[in-house]
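Reading through the structure tokens given below for one structure.
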Amino acid sequence: MPRTKAQKSSNKSSNKQAKKPTDFSKIKTADEYNQEYLDNSEDESEIDSDDAFDEEDEKKYGSLFANNDDDDDDSSDDDDDSSVNSGASYDSDSDSEEEEVDMLAALDNLPTSSKSNTRKSLSTSHASLPESRFSSQTNSSTLTMDALLNPVSSAPNYTTLRNTTSKIDATKSASSRLSDVVLDRAKRKVNYSSTKSDISNWTDAVKMNREAETLDFRPKGRERVTTNTLSSTFEAANDFEKKIEAALQKQKSLEDSEHPGSFDSDDDLGHNKNLTISEVKKRHSELAKIRSLLFYEESKRHRLNKIKSKKYRKIRKKKSDREKSKELDLLAETDPSKLLEAEEKDAVKRMEERMSLQHRNTSKWARKQLRRGNIDTDTRRMLSEQIAISDKLRAKKDGIDEGTSSDSEDLEAVAREVINDTQGDGDEVEGRGLFKLDFMKRGMETQRKRAREEAEGILREIEEEEEWKRREEGGEESEGGESEGEEDQKEERVGREEAKRILDEGIERETRVGEGITIDISDSDSEDEAASSKMDKVENNKVTKKVSTRAEKAKEKDDLKKKQKEGAFETEDNPWMQQKQPSKKGSKKVASHSVVDVDAGVALMIDKTKVDVTGSTSDSENSESEDVTTLTQKQLVKRAFAGAKDARKDFEREKKALADRDSGKKEDDTEVKGWGSWTGVGVKPPSKKKRKKGKLAPPSKEPEKVKREDAKMPTVILNEKRHKKSSQFKVTTVPYPYTSAEQYERAMAGPIGSDWQTTKAVIEGTRPEIITRAGRIIDPAGKRMKRKIMEEKGGRRKFRA
Amino acid sequence: MKIKALSRSVEGNTRSNSGDIKKLSRNLDPKHKPLERAREYTRAVTSAKLERMFAKPFVAALEGHVDSVACSAASRGHLCPFVTGGVDGEIRVWDLASRRTVWNNKTSHTGAVNGVCISNDGKSFFSCSTDKTIKQWGLGVKMAGGRKEKRKRKEKGVLDSDSDSDGDSDSDSEVKKSSTSSDSSKNPAPLNSWLFSDTFKSMDHHWNEEQFATASDEAVQVWSHHRSNPIQTYEPFNGTDSCNVVRWNPSERSLLAHTSSDRGIGLHDTRASSSLRKTVLRMRSNCLEWNPMEPMNFVVGNEDHNCYSFDMRKLSQPTMVHKGHVGAVLSIGWSSTGREFVTGSYDRTIRIFNYRSGTSRDSYYAKRMQRVFCVNYTADAKFIVSGSDDTNLRIWKARSNEKLGQQLVREERATNYRNTLVKKFEHMPEVRNIVKSRNMPKFVKKQTAMAQIQHASAKRKEGNIIKHSKKGSVAWKGERAKAIVKEYK
């Protein structure tokens, strides 16, 4: 029915047109318009009211109207109803609709009065309703049986034929047309599907648009101007430029003609035209040899430079020294002037060494430090380093070998001094801080003891040596009288050998005894020096090692040596000892202890064999004077955490409490507290009655036991609390576009900033999704966009193939 | 031991002139720049904060109307002309660049102006009203500075120095006072007018032909510039309620869509005489706009505070529900990029939605802004213009923190980097909180909270119904499916 409505309204508006003041000179008349657009929009010629009938209809149905006017009224009424109905109840095919269709069919089926009329109507209907996609079914006049039979009306048995056909008509009311509602729906369906398919042509374009990483709406056609683009697209515009260009061209051609291939005329390999093939070959081989030699040398040097061994360096140095001295000798023989030169060079070098003033405490800094007085350990160490350098230099100057600097007399004196020191004034200094601690004291004591032992050993050695000398002097006379002593000595010698062997296995032997002693002395001398510096620690270790070597020299028993070795091992292993080194001075008590110990050592020394049998290793542990140095790591730890005796129990209790809390276990909740018992002041607390469980309180559901992660780890408590600070940096779920944690993690990995990426990568990585420019109008998706995308697709296909 | 001394070549570190960029040599070895993720995260947080600090979307308020602004239209070929119609029948033409009224007629209509649209050539515009008339008015846009002219000039190779940002610079020359309105005392007369039997609710101009469509009380009409009567009329085929909005598809140009008071959305094709399809929603749709970049998609703003995205090929349910408003959505405007649209609502706020997200990206409001009746993007997708009940027109930035005007290259790169960082880390709680948080008016805040409660309770109720009815007899209904009552074929 839309068409009729449109017609109606248009008619109305055309009526109003006359009253309108506006000039519509250009505008076509309403009738013309009607004619033009109705053809397109017409669905079916439906009779609605008297207005709707045009000439054509009148021609067709004129006789009918002439015959029965009442009928006409009825039908129009019916139509009005039906139109309303169709509007309201569109879905269900209404009966009135059917009736209407039937009536129209009847109208069409009515035999017309004249043949010519019929033909005319047919032809006009064809003309007025051109076939189109949207109006293919708009022809309302159907082909009737009468119309078919009309041409043969003159035939002899026409009447019979007509009778039979009329019978057919009567029996089967041939309703050729569908209901309008159904028709409309069908049409809508077709139209909709065709529009849909049209729209679907855009899907590729839309998809591309959506998937594009960047939509760039900036104005196009403006390239960036760079020097490259300028030079590549340069064209001489004016005369001046043209002249210059011509001149440049000329020059270029000239150069080309003068030096054709000038760049490769002569090179390292002698690609010269004057050379013969054999010469070239020779030169080539020479070059190859040199190259290979160079390479070999380089690789060798590389390898040698990488060697870090001190020993190797020492050997190398000696070697070079030897070579140098040889050279010098040679020079002295051949060319004294050159020798002089070399010596001068050396002298200059030495002067430079001295000029640096590092060897003397005369530098500004050193002087200042000394003047200030309160010198801390570091400064002291540095100053002493300087002194050491100066000593070294002096030794160099004096030509004294360091290794043989001290003789036995000095040694003896030093040893005696040490013994005196350790015996006396132990109580003088009460240590501060850490040194107050018992084990520190004990450690110091041991240290002291060892120094003392060492000194004694040295003394003994010296004495022995002297005795030996003496004996050698008057050896023959006293041969027979000293059988026992000899035996002793023999025994001792065997022990010495054994000790030597052991020492060789474990500790690198200290060859220069004198040096060891000097360090020892400095150690013992530096009474006020804090013993915690690392250097001293190292020294200390050294001392113990040296002590053992000297002990060997002093013919100590090997069980004693073992003990000392153990001590040395302890000093290495024991963290407490390494950090807190005792000072030389101890208390009197300590001193006396040490005396006792030394005595014990002597006793052990004497009946060596006995101790050997019993097993000497355990005696240090079993001895009453158990000190820190002899403790094992385990014992130390045990001692350090002595306070927490029931730590294990505490730990277990804690773990259980946590597990209970998490599992939500409660203690016997079934009983309502206070129920059935007296309360008040002075009332005894009720003895816990045994109730039946679940009588008063409802039976609680067994709470689901939350499995703690540390349930299977007896020695660990894992903190399962939510960490507030770190939760700030975590996402609870995988965010929307990502489907898995890995994917998200991958997207998050890798920085994008210019600190980590090249400029190009940064620009690529940070390009916005949409780039627009102010003032640039963005057109809606048009045919151009579609075409472009189709072209791109085609291009890609081509590229693939 | 080898010592590598620092060495710098003179050529590499000196500039030939002061205009050259300073070369920065960087070591990209990651060991020198550890903890990159942590550092970038910190930067992202800072960027997010900066983004919110610089978020000042409001540009200007244009005063002039004496009654609420009912409708507006932006020119399609030009940036500056902007036409608004008031409820009192006044029409004003604005020059957005200079923020002035360049043309106005207080008695253009005797009723409320319900729809305005500008013709494609930019020479005239149309208005329709409740007084049952359509009028055509001259719009004095000089085509010399217009777009086609510029294109021609470009082809010739003559480029203006300011052609990149011409929208703002030579806009004054574009909009001239109409010749008809030379004397302000006399109201300008329309070029043409059409009388009709029904009142008009909305109108839209065809995208390339000289036709326009109107939505009237009973049907959708298609008019030609040169005809006194509608050249086509489409009635809603199911129900005979009045039509509210009609819009042409910008790309598939024979396609029309309308919404009607019977809660329906209808589609028409001018090549066919009949309608195509109709779908009925739970509540009435107040506005409809086609996506300019995706011809099959459109968005409707509904009375139920939501917007619904539709694919015209599948009207049985919307492709997306956009939520956020707490009042009926009265107007929608698409960004010409096709990626965002702006909605004006009865709750006195404007919201910007991404075309594929259910929640708004941003929301704007002003202290004195009332119900928003019309919103439009400018053609360069940089600004939003809203007309509201408080008789003012407001210009907003489309991206609230964007810097206006030309940016230096380095500045632009830094901005891009910051934006990328924020986008990368937007899922992190801290960044998300900064980026998403908005101070909304008390009313909106309360209503939002209430809506959430209502939604939760409705959901609970639905769950209860399902729980207590026979198994399989009632099923959960999706949020999108709920919106549609029936689709008529």
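The values are calculated or read from the model by the stated rules, or taken from the named source; none is laboratory data. Everything quoted here is computed from the prediction, not taken from an experiment. Glycine gets a Cβ as well: all are built from the backbone with ideal geometry, and neighbour counts include every protein chain shown. Protein only, heavy atoms only, side chains kept; ligands, DNA and RNA dropped before computing areas. Shrake-Rupley method; radii C 1.70, N 1.55, O 1.52, S 1.80 Å.
Please go through the residue pairs B:Lys436/B:Lys459; B:Lys459/B:Lys482; A:Lys449/A:Lys469; B:Lys397/B:Lys442; A:Lys189/B:Lys278 and name each one whose alpha carbons sit more than 18 Å apart in this structure.
In this structure, B:Lys436/B:Lys459; A:Lys449/A:Lys469; B:Lys397/B:Lys442 exceed 18 Å between Cα atoms.
How large is the Kirkwood hydrodynamic radius of the range B:290-382, counting all unique pairs of alpha carbons, in Å?
For the range B:290-382, inverting the mean 1/r across all distinct Cα pairs yields 13.1 Å.
Check B:Ser119: other-chain or 5+ apart residues with amide H under 5 Å from its amide H, H built from backbone geometry?
Amide H neighbours of B:Ser119, under 5 Å, 5+ apart: B:Ser124, B:Phe125, B:Phe126.
Is it possible to state the helix-based mean residue ellipticity at 222 nm for chain B, with each DSSP H run of 4+ residues giving -39500 (n - 2.57), the sum divided by total residues, to the nearest 500 deg cm²/dmol? What is it?
About -6000 deg cm²/dmol.
Once you put a point 7 Å from the Cα of B:Arg271 and another 7 Å from the Cα of B:Ile453, both along the Cβ direction, what distance in nm separates them?
About 5.4 nm separates the two model spin labels.
So what is the orientation-averaged projected area of the range B:408-455, using the convex hull of its C-alpha atoms, in nm²?
Mean projected area of the Cα convex hull: 5.1 nm².
In whole Hz and in residue order, list the ³J(HN,Hα) couplings for the range A:726-743 that follow from phi through the Karplus curve 6.51 cos²θ - 1.76 cosθ + 1.60, θ = phi - 60°; x for Gly and Pro.
After applying 6.51 cos²θ - 1.76 cosθ + 1.60, I find 7, 5, 5, 9, 10, 9, 6, 10, 6, x, 3, x, 8, 9, 9, 5, 5, 4 Hz.
Nearest 0.05, what FRET efficiency do B:Met440 and B:Glu462 give at R0 = 41 Å with Cβ-Cβ as r?
0.90
State which entries of A:Lys318/A:Lys349; A:Lys314/A:Lys338; A:Lys760/B:Lys33 exceed 21 angstrom in Cα-Cα distance in the structure shown.
Checking Cα-Cα distances, A:Lys314/A:Lys338 exceed 21 Å.
What do you get for GluC sites (Glu not before Pro) in the range B:1-91 restricted to DSSP loop and a cutoff of at most 14 other Cβ within 10 Å of the site's Cβ?
In loop regions of the range B:1-91 (DSSP not H, G, I, E or B), the sparsely surrounded GluC sites (Glu not before Pro) are B:Glu63.
Could you compute how much accessible area chains A and B hide from each other, both sides summed, with a 1.4 Å probe? Nearest 100 Å² is fine. Walk me through the numbers on the way to the answer.
On the way: alone 62370 and 26610 Å², together 81100 Å².
So the buried area, both faces added, is about 7900 Å².
With a 1.4 Å probe and every protein chain left in place, work out the accessible area per residue of the range B:408-455 in Å², rounded to a whole number.
Per-residue accessible area for the range B:408-455 comes out at 68 Å².
Points 7 angstrom from Cα along the Cβ direction at A:Ser154 and A:His284: gap in nanometres?
Rounded to a tenth, the inter-label distance reads 11.6 nm.
Per residue, what volume in Å³ does the Cα convex hull of chain B take up?
Working: hull volume 103.3 nm³, N = 489.
Per-residue hull volume (Cα only) is 211 Å³.
Suppose R0 equals 60 Å. What FRET efficiency, 1/(1 + (r/R0)^6) with r the Cβ-Cβ distance, do A:Val182 and B:Glu411 give to the nearest 0.05?
It comes out at approximately 0.35.
Long-range amide H contacts for B:His325: which residues qualify at under 5 Å (H placed 1.01 Å from N, peptide plane, sequence gap of 5 or more or a different chain)?
Amide H neighbours of B:His325: none.
With r as the distance between the Cβ atoms of B:Lys23 and B:Arg432 and R0 = 35 Å, compute the FRET efficiency 1/(1 + (r/R0)^6) and round to 0.05.
0.35
Quick one: length gained pulling B:Thr14 to B:Ala38 fully straight, 0.36 nm per residue minus the C-alpha distance? Kindly include the intermediate steps, with their values, before the conclusion.
Details: separation 24, 0.36 × 24 = 8.64 nm, distance 3.50 nm.
Difference between extended and current length: 5.1 nm.
So, in nm, how far is label A:Arg210 from label A:Ala711 when the simple model puts each one 7 Å beyond its Cα toward the Cβ?
Each label point lies 7 Å from its Cα, and together they span 4.7 nm.
Would you please state which residues of the range B:57-76 a label at B:Arg253 would reach in this model, taking the label point 7 Å out along Cα→Cβ and a backbone N cut-off of under 19 Å?
Backbone N within reach: B:74-76.
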